[in-house]
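What follows is calculated from the coordinates using simple rules that are stated; it is not laboratory data. Note that the structure is predicted; figures quoted are calculated from it, not measured. All Cβ positions, even for glycine, are placed from backbone atoms using ideal geometry, and neighbour counts span all protein chains on display.
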Amino acid sequence: MSVEEDDRQLRHECGVFGCIASDPWPTDVDVAQVICLGLLALQHRGQESAGIAMSEGDNHTHFNVKKGMGLVSNIFNEEAIKKLKGNLGIGHTRYSTSAGSEEVNCQPFVVHSAHGALAVAHNGELFNAGKLRRMVLARGVGLSTHSDSELITQALCLNPPDIEIDGPDWPARIRHFMELTKLSYSIVIMEKDRIFGVRDPYGNRPLCIGKLMSLTDSNKEDGWVVSSESCGFLSMGAKYVRDVYPGEIVEFTKEGFHTVSIMGRPYNRPQAFCIFEYVYFARPDSIYEGQMVYSVRLRSGIVLARESLVEADIVSSVPESGTAAAHGFSMKSNIPFAEVLYKNRYVGRTFIQPNARLRRLGVAKKFGAIVENVAGKRIILIDDSIVRGTTIGPIIKLLRDAGAKEVHIRVASPPLKFTCNMGINIPTKAELIANKLTIEQLAKHIGADTLAYLSVDGLKEAVKEKMPNKSAIEVGHCTACLTGEYPEELTF
Ligand SMILES: O=P(O)(O)OC[C@H]1O[C@H](OP(=O)(O)OP(=O)(O)O)[C@H](O)[C@@H]1O
Ligand SMILES: NC(=O)CC[C@H](N)C(=O)O
Ligand code: SF4
Ligand SMILES: [Mg+2]
């Protein structure tokens, strides 16, 4: 493992985005620009590479494609966007899970099938990738990478079991793929004149629909967007419509969008939307399951205060992801919120530190203490999660050096004890600090006066309390990294 890799904590997951302009075509809408804005808003989900594939519509056999390593703003300058002509397109920001962080694995994957070009962008990780890979290879298909997203692309090109009488039946192909693998994917698929948005039957990864509003007539739409998260919608003049339902295939054409079909789960198992999307992965201004991520984080802080209050002068947070929960904790406890840490936004996660000592210092280098709020104070410090435990120790030291009297750590999620096989690179079980030390030992190890985590029930309560639809069949969350209960068994 390289130093750079080792420095990563909880790694995010990918972002997918699609946009199609309404009739008439050729459109006036700058579709590539909209996709670019969409990808910029999804940058937090993947910073290794990005790509866009565009289609000019019915009479074109090829897509206009640009992919590359690095950030969206580095790959897509004005000139690159100008070349990406089209009436529809899809895009991707990547954090690798199933194949190396290299140019060949950048998405969208584009193939030319017997029925024309196809582009695919995927967020997630296939539970049964090995088995599916052997099956696809046995059908005479060659794969050029180890990426499970390329595998999905090729699996979609397989003829479905029923004969296609009148040209390719893409919905049947997608259903066939969904029969073969039930976890974990949110995908956008583009053929020459349409986009499909597909969410796995468990709804493990997010996907939502937005309406691109006309800038001149508020009753009209200029097109439709489909995205991992809704946080970018306002920046591109789009309005959140709804989530793509677990198991749903949505077809977008220049006429609008409709549900093609909804695939159920085996044995009527519950949905398994990743609960960590609420804790850490998503941007707080995104909407999942009809509620803002920010509100869930705020509530998790409220529940945390109820569960593990301690006397203190101020409540504060480890920026960024811990801040909403800290405000919730402060509201519930009536202890004032005050900032104690400044996070240097120019020191990214990819900052290369040549050895363990400098890596530890690196964490401190990311933060500065706001001494006036710290000196002589008893502080309750909230973070959203502890993974390896590398961030929190140096922060506590920083606060003590700045004169903190007491530092009580409260974590707005339960201890992370298990790995994730659904699109998130959570370190191996042995690297997760909660598997190595008891809560008391960990408190001592990081130099905290006290340490407490949110309970699993407390987190579920924060997620479900204000959810518009509370039906037991409709709602269900994956908590596997916290409880070890996976939605499906891994198959190799
Ligand atoms: O226990 P560790 O292995 O140190 O990892 C846990 C930390 O990593 C994340 O923050 P990160 O800096 O990734 O991003 P953020 O700004 O969104 O909080 C998370 O919010 C914790 O603060
Ligand atoms: N984080 C993700 O969703 C990654 C998607 C896919 N498994 C890849 O590695 O490219
Ligand atoms: S194991 Fe954890 S991170 Fe992975 S999908 Fe489940 S809740 Fe999300
Ligand atoms: Mg953090």
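Cross-link list Lys366/Lys429; Lys343/Lys365; Lys182/Lys254: which exceed 19 angstrom alpha carbon to alpha carbon? Before the final figure, lay out the partial values.
Details: Lys366/Lys429 26 Å; Lys343/Lys365 9 Å; Lys182/Lys254 29 Å.
As for pairs spanning more than 19 Å Cα to Cα, those are Lys366/Lys429; Lys182/Lys254.
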Rounded to 10°, Cα long-axis angle of helix 129-138 versus longest principal axis of the chain
20
Stokes-Einstein diffusion coefficient for the range 19-168 at 25 °C in a medium of 0.890 mPa s, Rh from the Kirkwood formula over Cα pairs: what value in µm²/s?
150
Tell me, what HN-Hα J-couplings in whole Hz come from the Karplus equation 6.51 cos²θ - 1.76 cosθ + 1.60 at θ = phi - 60° for each residue of the range 153-170, using x for Gly and Pro?
4, 6, 4, 5, 7, 5, 5, x, x, 8, 5, 8, 7, 10, x, x, 9, 4
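Which ordering of Asp58, Asp200 is given by a fewest-first count of other beta-carbon atoms within 10 Å?
Ranked by crowding around the Cβ, least crowded first: Asp58, Asp200.
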Round to a whole angstrom and tell me the spacing of the C-alpha centers of the range 225-250 and the range 426-446.
37
Centre separation in Å (Cα based) which lies between the range 272-346 and the range 49-81:
37
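If packing is taken as the mean number of other Cβ atoms within 10 Å per residue, what is the order of 101-114, 129-142, 228-241, highest first? Each step should come with its number before you reach the end.
On the way: 101-114: 17.6, 129-142: 13.9, 228-241: 21.1.
With the highest mean Cβ count within 10 Å placed first, the list reads 228-241, 101-114, 129-142.
How high is the FRET efficiency from Met331 to Gln441, r the C-beta distance, R0 41 Å, rounded to 0.05?
Values: r = 31 Å, r/R0 = 0.76.
For R0 = 41 Å, the calculated efficiency reads 0.85.
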Whole-number percent relative contact order across the range 58-214, with pairs defined as alpha carbons under 8 Å at least 6 apart
23
Could you compute Rg(Cα) / (2.2 N^0.38 Å) for the chain, with N its residue count?
1.00
May I ask you to list the aspartates and glutamates whose Cα is less than 18 Å away from that of Lys83, ignoring any residue fewer than eight positions away on the same chain?
Asp28, Asp30, Glu56
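Which ordering of Lys366, Lys220, Lys66, Lys429 is given by a fewest-first count of other beta-carbon atoms within 10 Å? Don't skip to the answer; put the middle values down first.
Values: Lys366 21, Lys220 11, Lys66 18, Lys429 14.
In increasing order of surrounding Cβ atoms, one gets Lys220, Lys429, Lys66, Lys366.
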Using only helices, what value at 222 nm comes out for the chain when you add -39,500 (n - 2.57) per DSSP H run of length 4 or more and divide by the total residues, to the nearest 500 deg cm²/dmol?
-7500 deg cm²/dmol
Estimated vicinal HN-Hα couplings, Hz - the range 370-387 in sequence order (Karplus 6.51, -1.76, 1.60; Gly, Pro = x):
8, 3, 4, 7, 9, 4, x, 9, 8, 10, 9, 10, 9, 10, 6, 7, 10, 10
Residue among Gly232, Ile262, Gly458 farthest towards the positive dipole end of the chain, charges placed on Cβ:
Gly458
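Using Cβ contacts closer than 10 Å as the measure, can you line up Trp170, Trp25 from fewest to most? Display every interim value, and only then the final one.
Working: Trp170 20, Trp25 16.
Fewest-to-most Cβ neighbours within 10 Å comes out as Trp25, Trp170.
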Given H placed 1.01 Å from N in the peptide plane, which residues other than close sequence neighbours of Glu248 have an amide H under 5 Å from its amide H?
Arg199, Met263
